[in-house]
Amino acid sequence: MNKVFHIWKYDNFAHRAEVRKALTKDKEWQEQFLIPNLALTDKQEFEITYLVPWCKLEKPPREGVYELATFQMKPGYSKLVGVFHTEYGALNRGTVVLFFDEIA
């Protein structure tokens, strides 16, 4: 409840560092966004992720509601091999296929 989730796109780590450095010098951004929101922030978490090479990021057909599903797996035990969305059958279903080297 009362969570905010942002996705920021960067070309690479150097681009991310460049943008973050510029924001530290942007007084207008600090005064209009950062400072007013600090009192409202209980905690902040960062994750740097990548789009799997075989997946194309699609633009939604229109504005709407999004769902973000996150899984945390034991390191070394699984490998993501596929992400699928239903086209026929039980609609609105996403399926993730993981390969496990061994069962923990």
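The values are calculated or read from the model by the stated rules, or taken from the named source; none is laboratory data. None of the values given here were measured: they were computed from a predicted structure. Methodologically, a virtual Cβ is constructed for each residue, glycine included, from the backbone with ideal geometry; neighbour enumeration extends over all protein chains shown. When the accessible area is computed, the model is the full protein with side chains, heavy atoms only, and any ligands, DNA or RNA have been set aside. Shrake-Rupley method; radii C 1.70, N 1.55, O 1.52, S 1.80 Å.
Does at least one position in segment 23-45 carry a residue that is within 18 Å of the chain's Cα centre (by Cα) and either β-branched (Val, Ile, Thr) or open to solvent by less than 100 Å² (accessible area, probe 1.4 Å) (or both)?
Residues of segment 23-45 that are within 18 Å of the chain's Cα centre (by Cα), as a first pass: 43-45.
Filter once more, so that each one left must be either β-branched (Val, Ile, Thr) or open to solvent by less than 100 Å² (accessible area, probe 1.4 Å) (or both): none.
The answer is no; no qualifying residue exists.
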Being open to solvent by 100 Å² or more (accessible area, probe 1.4 Å) and modelled with pLDDT of 80 or more is the requirement here; does Lys9 meet it?
yes
Among the residues listed as Lys79, Lys3, the single one being surrounded by 10 or more Cβ atoms within 10 Å (Cβ to Cβ) and of a type in the set (D, E, K, R):
Lys79
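When you look at Ile48, is it touching a helix residue (DSSP H, G or I) at 6+ places or on another chain (Cβ under 8 Å), open to solvent by 100 Å² or more (accessible area, probe 1.4 Å) and assigned to a loop (DSSP other than H, G, I, E, B), yes or no?
Working: touching a helix residue (DSSP H, G or I) at 6+ places or on another chain (Cβ under 8 Å): yes; open to solvent by 100 Å² or more (accessible area, probe 1.4 Å): yes; assigned to a loop (DSSP other than H, G, I, E, B): yes.
Yes: the conditions hold for Ile48.
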Just to be sure I understand the filter: pairs with C-beta atoms under 7 Å, separated by 6 or more residues or on different chains, first member in segment 25-42 and in a helix (DSSP H, G or I), second member modelled with pLDDT of 90 or more. Which pairs pass?
Trp29/Leu23
Residues of segment 82-104 being touching a Lys or Arg at 6+ places or on another chain (Cβ under 6 Å) and at pLDDT 75 or above, in sequence order, are Thr86, Phe99
